Amino acid sequence: MKRAISGPFWICCTLLAVVLQVCLASVTVKVNPEMHVLKGDTVMLPCTYTTSAEAAVAVQWFIEFADGGRKQVAYKSSVGSDAGTFTDRYTIEKDMSLNISQVTVDDHKKFICQVTAGPVGTAESATEVKVFSAPEKPMVVPNPQKIFVDSSISSSAEVGKCISRNGHPEPRIIWFKDDNPLPEEKKKTEKTYMIHFLVKEASGLYTLTSMLYMHLTKADAKSVYHCIVEYTMPDNQIKQESSDNFNISLQYSTENVFFKVKNEGPIKEGDDVVMQCETDGNPQPQFDFFKGEKLLEGLGGTLKKKSITREDSGTYKCEAMDYEADSKVQLHKTLNINVHYIDITVEPEGPLVVSKGDHVELQCKAKASEAHTLQWTKDSKELSNTGVFAKESVTLADGGVYVCVGAVPSVPGLQKQVNITVNVKGQPEIDAPVKGLVDKEGGMVTLNCSALGHPAPQFIWTPSGKESVTVKGNRVISTVTLEATAAVLKDGVICEAYNTHGRDSKNFEVKLDQAKPTPANSDRGNPDFKTVEGKQGGSSSVVIAVVVCVLLLLILVASLFFLNKKGKLGCGKKDQKEVASGGVKDNIVVEIKPSEKSKEEAGLLKPAEQC
């Protein structure tokens, strides 16, 4: 017989089972460790959970402060509609995710999702929300003071400030000198160091100010400085924004003086010369200029000489008035100026008048600061490069303007020229005439008569017309415009040129231009002419018939006259009437009447009167 289980034993087993069930029950919560979001955007914080047993679940969202304190911002129960938030920007979704809209930098915190499942237990997990906001373009403020540089002083001076506003999280500022990054050093004992100031604005954004200090030298006066702000964006992106460039104003005393001519190449008479004096100090001091002991007037460090001459050659001195410079520094410099020149003379002096056939010799001489060349030209044609031009027997064509050009090859642009006019006396010589062409008889034709001679010839045109005279070099050209009459087309036009030494004449032919149609030929090609000719075709035939008939009648009358002379023609009133009445042929009647002036007609009619 089985022994019954005692009551206390049963109770213990039951309690043990309950304890085991409670101990083995669990809740797990899973969230994203980090969530990145831009300021002003919306972010969703997911929260998923599992339980080892079925139970009613409540989800709570907390924010955790830096000191470890918490604040509930949202909650929701898995049964019923029990849900709530403590701000309008937070919303807890059906899947227990927390939605945050219009994110601010205050949301840059740790968010905790806590899940409670009654007797099954409680669990939680944290999501860290990181909020990002790009800062404004960094602004630089150069040191407005003039900084005096002394090589004997080793202290550093402020170069400028770089300010980065409204960024999140904290940005970083990097300084550059001549596009080279400077080391980030905070120790004031170093020659280059930075001091940073970080301010959290009421908006929660950061403003970072960095001040750059350096031990400056004279070389830094030409250096260019700028800064960049480096900041982080979502997904760990590192971005940069650069400031504008700036320079600083340094002051330092003179150690060297520089004096030079700004003109390039050799200096020649007539040039505008600029001499520049400066030092390696800053600011530039006042300057005095001298030539010998004479004080010259300059402006700042510039001395100008307008249209310089050979008398301006010599030694010039520039003296810097820098009273801060070391006494050992030589504050003056000298400069030698050599002004190049060339002078030209011609023998004999012009104008020169010679007779046709004479010997002519022209000499050109030069005086120059350097080796030079001489060249004779006429009408841009080179005649001689020795300085002497000679011709044994000159002609009228040799008259004109002769030019001697002297140049210094080693000095670009240095040249001078002298002109001499040679007039060759002699009777005019007319160039070969050029035929004149005209479209039609009666048209206007223009002829040019070109002649050499000295004195300048005058002209007579036969026949005359409207005349004008022009002079080109040593030639005189007479131009006449006249009517191309029949006589002109037949005999031409005569041009006569004369002066005190004699005369010359030439005949200019005037012809019809065969390349152009004559009026008669052109009418034949005219459609209007053809039309009129067609219309008058019938009239022309009638005229021809009348002429033929008249000729036949005249032959008949001549035959009658001949027969009458021979006595072979009988008389009768009928015949007389028929003859007197004339002949009728083809409906054309010719009446012949007696006339005292015609003996033939009188002889023909007299026998008729006797019958």
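Where a number appears in this text, it was derived from the coordinates with a stated rule and is not lab data. Keep in mind that this is a model prediction, so the values were computed, not measured. A quick note on method: Cβ atoms are made from the backbone with ideal geometry, for glycine too, and the neighbour counts reach across all protein chains shown.
Worth pointing out:
- For region 253-340, convex hull volume per residue from C-alpha positions, Å³: 90
- Within the shell of other residues whose beta carbon sits under 12 angstrom from the beta carbon of Asp271, the net charge comes to +2, with Lys and Arg scored +1 and Asp and Glu -1.
- On the basis of the beta-carbon distance and an R0 of 56 Å, Gln237 and Val261 show a calculated FRET efficiency of 0.45.
- Note on region 110-189: the alpha carbon radius of gyration divided by the globular reference 2.2 N^0.38 Å gives 2.10.
- With each label modelled as a point 7 angstrom along the Cα→C-beta vector, the Asp358-Val79 pair spans 14.5 nm.
- Projecting the alpha carbon convex hull of region 342-425 along each direction and taking the average yields 5.0 nm².
- Mean Cβ count within 10 Å, highest first, over the residues of peptides 340-347, 125-132: 125-132, 340-347
- Computed over region 431-512, the convex hull of the alpha-carbon atoms projects to a mean area of 4.9 nm².
- Proxy reagent accessibility, fewest Cβ within 10 Å first, across Met96, Met194, Met44: Met44, Met194, Met96
- Estimated from the Cβ-Cβ distance and a Förster radius of 56 angstrom, the FRET efficiency linking Lys291 and Glu483 is about 0.15.
- Computed label-point distance, nm, for sites Asn385 and Asn419 using a 7 Å Cα→Cβ extension: 2.5
- Peptide packing for 30-36, 504-510 was compared via the average number of neighbouring C-beta atoms within 10 Å per residue; ordered from the highest value, the list is 504-510, 30-36.
- Stretchable slack from Thr345 to Met321, in nm (0.36 nm times residue separation minus alpha-carbon distance): 3.8 nm
- Listed peptides 464-470, 270-276 by packing density, highest first (mean Cβ within 10 Å): 270-276, 464-470
- Ranked by how many other Cβ atoms sit within 10 Å of their own Cβ, fewest first, the residues Lys191, Lys186, Lys365 fall in the order Lys186, Lys191, Lys365.
- Nearest-0.05 FRET efficiency for His196 and Ser26, computed from C-beta distance (R0 45 Å): 0.35
- In the structure shown, the pairs Lys356/Lys472; Lys218/Lys291; Lys110/Lys187; Lys177/Lys328 are assessed against 26 Å; a Cα-Cα span above that value is assigned to Lys218/Lys291; Lys110/Lys187; Lys177/Lys328.
- Under 12 Å, Cβ to Cβ, from Ala390 - net charge with Lys/Arg +1 and Asp/Glu -1: -3
- Additional length obtainable on full extension of the chain from Glu230 to Thr50, 0.36 nm per residue less Cα span: 60.5 nm
- Placing a label point 7 Å from the Cα of Ser155 along the Cα-to-Cβ direction, the residues of region 177-219 with a backbone N closer than 15 Å are 188-191, 213-216.
- Shape call, region 139-250: gyration tensor on alpha carbons, a/c limit 1.5: prolate
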